[in-house]
Amino acid sequence: MRTSLWPDTEDCHLAEIDEYFGGRSIDIQQAYVAELEGAIIGFLELNIRNFAEGSRKPKVPYVEAWYVKPHYQNSGYGRQLMLRAEQWALSLGYSQLASDTTIENERSIAMHKNLGFKETERVVCFLKSLKNV
């Protein structure tokens, strides 16, 4: 399912999952799955970031991944996953939960807003590879 969410990063998924279950992940602090009749139909991954756009807190729980298989979308599974994330953040003493999506993902933007998230920023990110001259 991670490949469905991030098709351009297929190579790193198995290593990241192995790190998480081995207790060595620096990218995933907590993960939840949505199951139906023993089959995994969705997942959500969380981390604690030192910064989240719009927050003044020094550390913020962050939804790094949130996906439900298309056939099961609009059935409450995504909402259940996000509620679990909120409960996890609250249990650790946090008062905010942050997330992001791509600018063109109107469906995800609408779902976030429907769940009480407030849009804080729209950004275009850049990266340049440097060469020694």
Q. For the stretch 93-118, what are the residues that are farther than 21 Å from Val68 by Cβ and surrounded by 12 or more Cβ atoms within 10 Å (Cβ to Cβ)?
A. Tyr94, Gln96
Q: Kindly indicate whether any position in the stretch 35-42 is assigned to a loop (DSSP other than H, G, I, E, B) and buried (at least 16 other Cβ atoms within 10 Å of the Cβ).
A: no
Q) Taking the stated definitions as given, is Tyr67 in contact (Cβ under 8 Å) with a residue 60 or more places away in the chain and in a strand (DSSP E or B)? A) yes
(Q) What pairs come out if I take residues in the stretch 74-88 that are free of Cβ contacts under 8 Å to residues at least 60 places away in the same chain and surrounded by fewer than 16 Cβ atoms within 10 Å (Cβ to Cβ) and pair them with residues that are small (Gly, Ala, Ser) and outside any helix (DSSP H, G or I) whose C-beta lies under 7 Å away, six or more apart or interchain? (A) Gln80/Ala34
Q | Any chance Lys59 is surrounded by 12 or more Cβ atoms within 10 Å (Cβ to Cβ) and farther than 30 Å from Glu37 by Cβ | A | yes
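Laboratory data are not the source of any read-out in this text; all were calculated from the coordinates shown. Note that the structure is predicted; figures quoted are calculated from it, not measured. Ideal geometry is used to build each Cβ from the backbone, glycine not excepted, and the neighbour counts take in all protein chains shown.
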